[in-house]
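Derivation of every value follows stated rules applied to the coordinates shown; laboratory data play no part. Remember, predicted model here, so these are calculated numbers, not experimental data. Cβ coordinates were reconstructed from backbone atoms using ideal geometry, including for glycine residues, and neighbour counts include every protein chain displayed.
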Amino acid sequence: MMTNKQMAEASKKYLFNNYGERDMALVRGQGARVWDADGNEYIDMLAGIAVCNVGHCHPKVVEAAQRQLTQLIHVSNLFNIEPQIQLAQRLVDNSFADKVFFCNSGAEAVEGALKLARRYGTSQRGSECVEFIAAENSFHGRTFGAISATGQEKYRKGFEPLLPGVRFVPFNEIKAFDDAFSERTCGVILEPIQGEGGVMPACREYLQHVRSRCSETNTVLIFDEIQCGMGRTGRLFAHEHYGIEPDVMTLAKALGGGLPVGALLARDRFADVLGPGTHASTFGGNPVVMAAALAVLELLIEGGLLERCAQLGAYFKDRLSQLAEHSPKVKEVRGAGLMLGVVLDSPAKPVMMALREKGILCATALDTVVRFVPPFVIEKADIDRTVDALGSILKSL
Ligand SMILES: Cc1ncc(COP(=O)(O)O)c(C=O)c1O
């Protein structure tokens, strides 16, 4: 097997440089632990960027995928696919939605949602009803439609002209939202908790206001729960904390337990606008991915992992908040469940790298937020070790 260094050299030679240089390769994962190519062990507070919510290589997910792999791998959506129907039913039974469309990634789910909203707007309210409202600092993915709705300049630069008609508003500001909203608005897309935008939760009053405005005007409210959904906040979907429901919701990341998947969930009258021939995906709802996703959903709902996420998340946040009281470098601790951000008064990347040196993987968000999104099977002792390590790193800065 290649070493970290050998892989760094080979990856530089053969792969696009879009991810920048990577000096480490992960070769094995189990639960909340991963190992690199040189045999070093890490506590995984990153979970493949909020993907491996049920832990790495959970035996139930592995078994479901393996069983399906030997039975039928792919047939296309020209045919019904049993695990696809089963997963759709389980998602419907556990959400606001009536119907589901499956695709392969988050960005693709967002594309589907934007197309749906356009088609709904123009068919219900006329050809002028084509605009979107999205939030500053949002992140919705890297395809053209998704970057067009992403409120961070760095992702958009050099790719213009983008999809016209997207208005960006400061997150959580009701007046700015009202000012941008018009009869031309066909859809509003928001993350209930912004992930890449610094683990920034929406205010209750703000989301409820947006919900009311969209309901009054027959505007499609899309919640992007690609990062904050699938149990990450201690409830199956983050919007459940707010006492409201969207019309359309995008999912991806943790839905497949690590296998690539995206989904669009909607109430009937919104799903109906994507009738025969309007939208499709060759791989979407692939049998193997669906079988794995079914196992993931079962672990979350019946396996006690949602409750575990809520309990451990509260403990983790508490410990980070205590640390913040004694560390002038920490400006704020925010987030819900096991989606937590520690906002620093300086760049977060050196802290992330120092944690890695101590055997702990995490992510950053924006420039100054250290982000923790571990698998829900993480142990209390791992959380303690992480908070202690963070404390000593912050002290040494
Ligand atoms: C909220 C949100 N939406 C969309 C995406 C894009 O998902 P993908 O990378 O699967 O295309 C992400 C990815 O980080 C995300 O966090």
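One table, with the values for the structure above:
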| item | result |
| --- | --- |
| The range 1-58: chymotrypsin sites (Phe, Trp or Tyr not before Pro) in DSSP loop, at most 11 other beta carbons within 10 Å | PHE16 |
| The chain: radius of gyration over Cα atoms, expressed as a fraction of 2.2 N^0.38 Å | 0.98 |
| Most mobile listed residue (GLY234, GLY275, GLY39) in the chain, GNM with C-alpha springs under 10 Å | GLY275 |
| Quotient of Cα Rg and 2.2 N^0.38 Å for the range 114-207, N being how many residues it contains | 1.06 |
| Rounded, prolate or oblate (a/c below 1.5 giving rounded, otherwise prolate when a/b exceeds b/c) for the range 18-156 by Cα gyration tensor | oblate |
| Simple label model, 7 Å out from Cα along Cβ direction - GLU183 to GLN311, nm | 5.5 |
| Whole-percent pair-distance distribution, where bins are 5 Å wide, for the alpha carbons of the range 152-255 | 2, 12, 22, 24, 20, 14, 6, 1 |
| Pairwise centroid distance, computed over Cα atoms, of the range 66-123 with the range 317-343, Å | 36 |
| Neighbour net charge for THR3 - beta-carbon separation under 13 angstrom, K R +1, D E -1 | -3 |
| Whether the range 72-301 is rounded, prolate or oblate, judged on the alpha carbon gyration tensor where a/c under 1.5 counts as rounded | prolate |
| For the range 247-295, the spread of Cα positions along each principal axis, largest first, Å | 30, 23, 14 |
| Cβ-defined net charge surrounding ARG371, 11 Å radius [Lys, Arg +1; Asp, Glu -1] | 0 |
| Most mobile listed residue (GLU307, GLU357, GLU173) in the chain, GNM with C-alpha springs under 10 Å | GLU357 |
| Cα pair distances exceeding 15 angstrom across the range 358-397, given as percent | 47 |
| Loop sites in the range 62-163: chymotrypsin sites (Phe, Trp or Tyr not before Pro), DSSP, at most 15 other Cβ within 10 Å | PHE79, PHE159 |
